[in-house]
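Undergrad: One structure, pasted below without further comment.
The values are calculated or read from the model by the stated rules, or taken from the named source; none is laboratory data. A quick note: this is a predicted structure, and the numbers were derived from the prediction, not measured. Methodologically, a virtual Cβ is constructed for each residue, glycine included, from the backbone with ideal geometry; neighbour enumeration extends over all protein chains shown. Only protein heavy atoms, including side chains, enter the accessible area calculation; ligands, DNA and RNA are left aside. Shrake-Rupley method; radii C 1.70, N 1.55, O 1.52, S 1.80 Å.
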Amino acid sequence: LAWLDASGKSQEATGKIRGFLTRYPSDKRAVFLLSVNAMRNKKRELALFLLKDLEKDAGFKYKSYIYNNLGMMALHDRNRTEAIEYFKKAAKATPDNPAPLVNLGALYLKSRSYKDAAPLFEKAADLDEEFEDAHLGWGCSLEGRGKYEEAYKVYASFASDNPEALGVVYNSAVILGNRLNRKAEAAEAMLRYIQRGGKETAKAQQTLQGWR
């Protein structure tokens, strides 16, 4: 059911989740899946009702996911304060979940609260070593504090294991060329980014010309 919902077959998933709940109405995991499905289908009131009901259920073990999704809904409503509070709750709840850490860190980045953002992204990266946004955010928060060498190490370490993570490759190239004055290495990394079809190709080509 979760696979159907996440793979874009949202309407099919809706019917199957509702059918499952008809047979097993006390299965809270299915209720949570229905809330996620409602969010995907922009059925805000239903999603909010289900999430709030699960929030009050002491027996539901996946509270970090509930709080994270409530935070995402608050963000959608442009309520930054409420979103931050929910992400903070999610970060403290169980099970460990990197998503709210990244979401909270991203809000701190937007307000240039780099010192607050860095440990959140670092913890998220520890929880999920393949989470590109966690490593991007961690590097950006270090850059914001002027710790360029440390930021580069974060980017380089992730890119070495994930060469198709083009956002990290791009940031790595920029910091090499513009902050660490290692233009030959920067040009090589940026060329790889361009050859692999990165989204910022035009900007990357302009930057690359400036290093030559």
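Undergrad: As an exercise, use a Förster radius of 25 Å and the Cβ-Cβ distance of residue 58 and residue 113 to find the FRET efficiency, rounded to the nearest 0.05. Walk me through the numbers before you get to the answer.
TA: Values: r = 33 Å, r/R0 = 1.33.
The calculated FRET efficiency here is 0.15.
Undergrad: Once you have the Kirkwood Rh of segment 14-53 from its Cα pairs, apply Stokes-Einstein at 20 °C and 1.002 mPa s and quote D in µm²/s. All intermediate terms of the calculation are to be shown ahead of the outcome.
TA: Details: Rh = 9.9 Å.
Answer, rounded: 216 µm²/s.
Undergrad: Determine the sum of side-chain charges near residue 83: Lys and Arg each +1, Asp and Glu each -1, restricted to other residues whose C-beta is under 12 angstrom from that of residue 83.
TA: Working: positive: 78, 80, 88, 89, 110; negative: 77, 82, 85.
Cβ neighbours under 12 Å give a net charge of +2.
Undergrad: Taking the Cα centre of the chain as origin, sum charge times position over the Cβ atoms of Lys and Arg (+1) and Asp and Glu (-1), and report the length of that vector in debye to the nearest 20. Numbers along the way, then the final one.
TA: Values: 34 positive and 27 negative charges, 125 e Å.
It works out to roughly 600 debye.
Undergrad: Let me ask another. Show log10 I(q)/I(0) for segment 57-163 at q = 0.12 Å⁻¹, two decimals, from a solvent-free Debye sum over equal Cα scatterers.
TA: Each listed q corresponds, in turn, to -0.41.
Undergrad: With all protein chains present and a 1.4 Å probe, how do 96, 53 order by accessible area, largest first? Walk me through the intermediate numbers first.
TA: Numbers: 96 100, 53 65 Å².
The ordering from most to least exposed comes out as 96, 53.
Undergrad: For segment 91-156, calculate the relative contact order in percent as a whole number, restricting contacts to Cα pairs under 8 Å that are 6 or more residues apart. Don't skip to the answer; put the middle values down first.
TA: Working: 83 pairs, mean separation 18.7, N = 66.
Rounded, it is 28 percent for segment 91-156.
Undergrad: Which residue, 91, 159, 124, has the most motion in a Gaussian network model of the chain that connects Cα atoms within less than 10 Å?
TA: Largest GNM mean-square fluctuation: 159.
Undergrad: Of the GluC sites (Glu not before Pro) in segment 142-182, which ones lie in a loop per DSSP and count no more than 11 other C-beta atoms within 10 Å?
TA: 164
Undergrad: So, one more: Kirkwood hydrodynamic radius of segment 1-117 from all distinct Cα pairs, in Å?
TA: Working: mean 1/r = 0.0675 Å⁻¹.
Taking the inverse mean of 1/r over all distinct Cα pairs, segment 1-117 comes out at 14.8 Å.
Undergrad: What does the charge add up to near residue 59, with Lys and Arg as +1, Asp and Glu as -1, over the other residues with Cβ less than 13 Å from its Cβ?
TA: +1
Undergrad: I would also like to ask the following. Would you mind calculating the gained length between residue 85 and residue 179 on full extension (0.36 nm times residue separation, minus the Cα-Cα distance), in nm to one decimal? Spell out each step's value before the answer.
TA: Values: separation 94, 0.36 × 94 = 33.84 nm, distance 3.51 nm.
Once the chain is fully extended between residue 85 and residue 179, it gains 30.3 nm.
Undergrad: Could you tell me whether segment 132-212 comes out rounded, prolate or oblate from its Cα gyration tensor? Rule is a ≥ b ≥ c as square roots of the eigenvalues, rounded for a/c under 1.5, then prolate if a/b exceeds b/c, otherwise oblate.
TA: On the way: a/c = 1.78, a/b = 1.22, b/c = 1.46.
Oblate, since a/c reaches 1.5 and b/c is not below a/b.
Undergrad: What residues have an amide H closer than 5 Å to that of residue 79, excluding those fewer than 5 places away on the same chain, when H is modeled at 1.01 Å from N in the peptide plane?
TA: none
Undergrad: Which listed residue (73, 144, 111) has the Cα farthest towards the positive end of the charge dipole for segment 24-159, taking +1 on Lys and Arg C-beta and -1 on Asp and Glu C-beta about the Cα centre?
TA: 73
Undergrad: Let me ask you something else. Of the listed pairs 92/153; 42/115; 52/199, which have alpha-carbon separations greater than 30 Å here? Write out the running numbers ahead of the final one.
TA: Numbers: 92/153 28 Å; 42/115 35 Å; 52/199 38 Å.
Beyond 30 Å between Cα atoms: 42/115; 52/199.
Undergrad: Let me ask something else. Using Stokes-Einstein with the Kirkwood hydrodynamic radius over Cα pairs, what translational diffusion coefficient do you get for the chain at 4 °C and a viscosity of 1.567 mPa s, in µm²/s rounded to a whole number?
TA: Working: Rh = 19.1 Å.
Answer from the Stokes-Einstein relation: 68 µm²/s.
Undergrad: Which whole-number percent is the relative contact order of the chain (Cα, under 8 Å, 6+ apart)? The partial results should precede the final answer.
TA: Numbers: 268 pairs, mean separation 18.6, N = 212.
Reported relative contact order: 9 percent.
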